[in-house]
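Read the figures in this text as sums done on the coordinates, not as results from a lab. All figures in this text were calculated on a predicted structure; none of them were measured in a lab. No Cβ is skipped: glycine too gets one built from the backbone with ideal geometry, and neighbour counts run over all protein chains shown.
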Amino acid sequence: MPELLIDKDNDNEHENLGVDCMVLGAGQLGQCLRAAQPAAYEIHYCDHAALDITDSAQVTAMLQQLQPQVVINATAYTAVDKAETEIGQAFQVNAMAVDQLAAACASVGAVLIHISTDFVFGGQDDSARVKSRQPRPWRPTDLTHPMGVYGASKLVGEQGILATANLKAYIIRTSWLYSEYGNNFVKTMLRLMAERDAIGVVNDQIGSPTDSLGLAKVLWELAAANLKGQPTPSESIQPGIYHWSDAGAISWHDFAVEIQRQALQQGLLKKAIPINPIGTADYPTPARRPAYSVLDCSELVAALNKPQTDWQLNLQRVLGCLAADTN
């Protein structure tokens, strides 16, 4: 059985309410949600071994049993390049399973918080944004136009949620997630910088690196606003699509340069190596990536009254955690 975390001092308070929150997924975001979990909430964590999100009967039965007030869906098929050939699997996890989860949430009156991606953009006006001296970040209301299977599957998942009757849902698009957990760009760069004499990194794709722990804290604030008995009325944050990332925009190349600079300071690397800028055209991949995927987060910043953190500061936090683990 999946683990059930209960605040014992407040057990009676939740006696007839079911669990406060159910968290699906145990990847880097799922682990950060656990690390940032609020005190005094009854939280049920489900990894893939405990709950197969593609099994609609199992999902429905679990929600009916637990009666959660809020469900945070941090599951996803995120292998962007593999998705180009594993199309069915990508859509099964990111679209069909999400549609079934949305229906199950509606059936028990649970609020759904679902994580989506900047990859729903990029196929329209993308190159023009990059060439602009002051490109405008993507707003939640902008037309979507994914460039590959991964983005398309996530977009269909969003559409399924929005089409579900009697469902209160929040779709949070984010970008360039990394953390001290799992596999991500930061950890890959650290490994390559330690193994090689030089590396090349794409310099013509622009986005906003996002610390998964910071995103997790935002998701918990959103969940808290929708729990019964909380001081923040749920009406203050309207359901719909929102964006969240760390503050700032940078290329993958410049992100790698900053990773190396900070890693040297924190003792994670012994020496600097050349990091050569390369163009997307010189680094072909099965899936096309957005050239510009910076997200406009102003609506969620205002709704939560929570400013974004500069990406450099959150990178420092993550590298500090990795350095502490190596000592």
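For each pair in K187/K271; K154/K228; K82/K306, compute the distance between the two Cα atoms and list the pairs where it is over 27 Å. Intermediate values should be presented prior to the final figure.
Details: K187/K271 16 Å; K154/K228 30 Å; K82/K306 36 Å.
In this structure, K154/K228; K82/K306 lie more than 27 Å apart at Cα.
Name the residue, out of A163, A256, A95, whose mean-square fluctuation peaks in a Gaussian network model built on the chain with Cα pairs under 10 Å.
The residue with the greatest mean-square fluctuation here is A163.
Highest mean first, how do 57-69, 301-313 rank when packing is the count of other Cβ atoms within 10 Å averaged over residues? Kindly include the intermediate steps, with their values, before the conclusion.
Details: 57-69: 17.5, 301-313: 15.0.
Result, highest mean Cβ count within 10 Å first: 57-69, 301-313.
So what is the 222 nm mean residue ellipticity for the chain from helices alone, if each DSSP H run of at least 4 adds -39500 (n - 2.57) and you divide by all residues, rounding to the nearest 500 deg cm²/dmol? Show your work: numbers first, answer last.
Values: 11 runs with 118 residues, N = 327.
Calculated from helices alone, the mean residue ellipticity at 222 nm is -11000 deg cm²/dmol.
How are the C-alpha pair distances of region 45-152 spread across 5 Å bins, as whole percents from the shortest bin up?
Result, from short to long distances: 2, 11, 19, 19, 15, 13, 10, 6, 3, 2, 0 percent.
For region 259-327, run through the trypsin sites (Lys or Arg not before Pro) and keep only the ones in DSSP coil with at most 10 other Cβ atoms within 10 Å of their Cβ. Intermediate results must be reported in sequence, preceding the final value.
Numbers: sites: R261, K270, K271, R288, R317; in loops: K270, K271, R288.
Passing both the DSSP loop test and the Cβ count: K270, K271.
So which residue, out of D197, D246, D52, gets the largest mean-square fluctuation from a GNM of the chain using Cα contacts under 10 Å as springs?
Fluctuation is largest for D197.
Based on alpha-carbon centroids, what's the gap between region 150-221 and region 65-120 in Å, whole number please?
If you average the Cα positions of each part, the centres end up 15 Å apart.
Against the globular-protein guess of 2.2 N^0.38 Å, express the Cα radius of gyration of region 101-206 as a ratio, rounded to two decimals. List each step's numbers first, then the result.
Values: Rg = 17.8 Å, N = 106, 2.2 N^0.38 = 12.9 Å.
In units of the globular-protein estimate, region 101-206 measures up at 1.37.
So what are region 245-327's ellipsoid semi-axes, whole angstrom, largest first, if each one is the square root of 5 times an eigenvalue of the alpha-carbon gyration tensor? Show your work: numbers first, answer last.
Values: eigenvalues 130, 106, 19 Å².
Semi-axes from the Cα gyration tensor: 25, 23, 10 Å.
Pull up the DSSP beta bridges for the chain and report the antiparallel fraction as a percent, rounded to 5. Can you show the working numbers first?
Working: 4 of 35 bridges.
Roughly 10 percent of the DSSP beta bridges within the chain come out antiparallel.
Taking only the alpha carbons of region 188-273, what extent do you get along each of the three principal axes, in Å, biggest first?
56, 29, 16
I'd like to know how the chain sits against the 2.2 N^0.38 Å rule of thumb: what's its Cα Rg over that expected value? Could the numbers behind the result be given before it?
On the way: Rg = 19.9 Å, N = 327, 2.2 N^0.38 = 19.9 Å.
Rounded to two decimals, the normalised Rg is 1.00.
Charges only on Cβ, +1 for Lys and Arg, -1 for Asp and Glu: so what's the dipole of region 190-281 about the Cα centre, in debye to the nearest 20?
Values: 7 positive and 9 negative charges, 65 e Å.
The dipole of region 190-281 has a size of about 320 debye.
Please list, by residue number, every one of the GluC sites (Glu not before Pro) in region 14-109 that is coil in DSSP and has at most 11 other beta-carbon atoms within 10 Å. Provide the component values of the computation, followed by the final result.
Details: sites: E15, E42, E84, E86; in loops: E15, E42, E86.
When the GluC sites (Glu not before Pro) of region 14-109 are filtered for loop state and at most 11 Cβ neighbours within 10 Å, E15 remain.
Given C-alpha coordinates of region 129-270, what is the ratio Rg to Rh with the Kirkwood estimate of Rh? Kindly include the intermediate steps, with their values, before the conclusion.
Values: Rg = 18.5 Å, Rh = 18.0 Å.
Reported Rg/Rh (Cα atoms, Kirkwood Rh): 1.03.
Name the residue, out of A224, A102, A39, whose mean-square fluctuation peaks in a Gaussian network model built on the chain with Cα pairs under 10 Å.
Answer for the Gaussian network model of the chain: A39.
For region 35-85, what value does the Rg/Rh ratio take when both radii are computed over Cα atoms and Rh is the Kirkwood radius, given to two decimals? It would help to have the intermediate numbers written out before the result.
Values: Rg = 13.9 Å, Rh = 13.2 Å.
Radius of gyration over Kirkwood radius for region 35-85 works out to 1.05.
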